[in-house]
Amino acid sequence: MSLKLKLKEILDLFPEAQTSGDYQPEFISGISSLEQAESHDLSFLGNPKYRKFLDDSNAGVILLPEGESTSPKDGQLFIFLDSPSTGLASICRLLEDKLFPAPKPGLHPTSFKEEGAQIDPSSVIGAFCYVGENAIIGENAIIGTHCHVGRNVIIGKGCRLHPGVKILSNCIIGNDVVINAGVIVGSEGYGFEQDNSGHQKIPHLGKVIIEDNVEIGANTCIDRARFDETRIGKGTKIDNLVQVGHNVQIGKNCLIVAQVGISGSVVIEDDVIVGGQAGFAGHLRVGKGAKIAGQSGITKSVEPGAFLKGNPALPFQLAQRISVLQRKLPDLFNRFAQENSKD
């Protein structure tokens, strides 16, 4: 990564941090791994398994965990932090503002606002956007290019919609929500009734509510409810390519990793972690603090605090034991065949 950031700006982020060594240049010009960093780069030790690369690293500035005893080389500066990974995130936020400055407030001339729509003067509406009738966009929101904000939509202050986001009618977006490119919020739920003439579509008349400080990954789809609401709780982070079905309720501070599929009317309580490609059957409840391993198939409700793995999902330790035993099956069958051949 090529950049230009003053060393003073970095040190100002961590006024109470202990340092060791002396990095002479005024700037750093890149961020890289310990193994690949050059003399003008910043690096960090966030995972102990990369400790083996520290002594030979050429990075000019390195963020290290407190208590690390290695001494810096000549011209190298160590900054000791409680969490180097968190420290790096703070530096990246500083860089983000420099690399991706916010555009000037206002409605781009190529965008269109329907009658009754209210856009705060501090907000940005990018090129080729549509803002529907009676929609409300709050303070300091940034609506990227080619976005659709439907009729009666409410978008809170400080929100960021990246290019190509579609927020369909009647949905409500809280404050400081980040919605990445290609996301669709409020698409019609997947519901049909069968009769003699085939599959009859069930209209979905509800909405989606996304609470404050939520982040939605690229190309995720969140369906509106059949009657009431689909809801994403405060502080929850959803990765790319996730499907959230109609009437789903996701609690606060959950982590939902890429390619998860959540069927209609599932309730996921607070602080749940779901690994990539896990799937949920409809009308289940996942208890607070549960952990679901990647590619798990959830066919029954999950107790609070449970840790499940597999398809169908089992308690993690049991699933691990079964996995180990499965690898031993070929040898077992060979032994069985050999014993039978002696007879």
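Each reported figure results from applying straightforward, stated rules to the coordinates on display, with no laboratory input. What you see is a predicted model; the values in this text were computed from it and never measured. Cβ sites come from the backbone with ideal geometry, for glycine too, and all protein chains shown count toward neighbours.
Observations
- Residue among Val61, Val214, Val266 with the largest mean-square fluctuation in a Gaussian network model of the chain, springs linking Cα atoms under 10 Å: Val61
- Reducing the range 242-256 and the range 1-60 to their Cα centroids gives an inter-centroid distance of 38 Å.
- Relative contact order %, the range 2-99, counting alpha carbon pairs below 8 Å whose residues are six or more apart: 27
- The helix-based estimate of mean residue ellipticity at 222 nm for the chain, built from -39,500 (n - 2.57) per DSSP H run of four or more residues and divided by its residue count, is -5000 deg cm²/dmol to the nearest 500.
- The range 115-252 - Rg over Rh from alpha carbon coordinates, Kirkwood radius: 1.00
- Förster radius 45 Å - calculated FRET efficiency between His108 and Ser69 (Cβ-Cβ, nearest 0.05): 0.25
- Whole-number D in µm² s⁻¹ for the range 108-173, Kirkwood Cα-pair radius fed into Stokes-Einstein, 25 °C, 0.890 mPa s: 223
- In terms of surrounding Cβ atoms within a 10 Å radius of their Cβ, Ile136, Ile79 rank from fewest to most as Ile136, Ile79.
- Anisotropy class of the range 2-99 from Cα gyration tensor, a/c 1.5 cut: rounded
- Here the gap between Gln200 and Ala127, fully extended at 0.36 nm per residue and compared with their Cα-Cα distance, gives a gain of 22.4 nm.
- Candidates Asn219, Asn47, Asn152, ranked by Gaussian network fluctuation over the chain, Cα under 10 Å, top entry: Asn47
- Gaussian network model of the chain, springs between alpha carbon atoms under 10 Å - residue of Lys98, Lys288, Lys328 with greatest fluctuation: Lys328
- When +1 charges are put on Lys and Arg Cβ atoms and -1 charges on Asp and Glu Cβ atoms, the dipole computed for the range 107-316 relative to its Cα centre reaches about 400 debye.
- Exposure proxy ranking, count of Cβ atoms within 10 Å, fewest first, for Phe100, Phe53: Phe100, Phe53
- Based on alpha-carbon atoms, the Kirkwood radius and the radius of gyration of the range 25-170 give Rg/Rh equal to 1.23.
- Subset of Lys4/Lys166; Lys201/Lys288; Lys4/Lys73; Lys104/Lys234; Lys207/Lys288; Lys237/Lys300 violating a 27 Å alpha-carbon distance limit: Lys4/Lys166; Lys201/Lys288; Lys104/Lys234
- Rg then Dmax, both in Å and based on the Cα atoms of the chain: 25.7, 89.
- Gyration tensor (alpha-carbon) shape descriptor, the range 48-134, a/c threshold 1.5: prolate
- Here r is the Cβ-Cβ distance between Phe307 and Glu339 and R0 is 45 Å; the resulting FRET efficiency, rounded to 0.05, is 0.70.
- Net charge over other residues, Cβ less than 12 angstrom from the Cβ of Tyr23 (K, R count +1; D, E count -1): -1
- Likely footprinting exposure, Arg224, Arg151, fewest C-beta neighbours within 10 Å first: Arg151, Arg224
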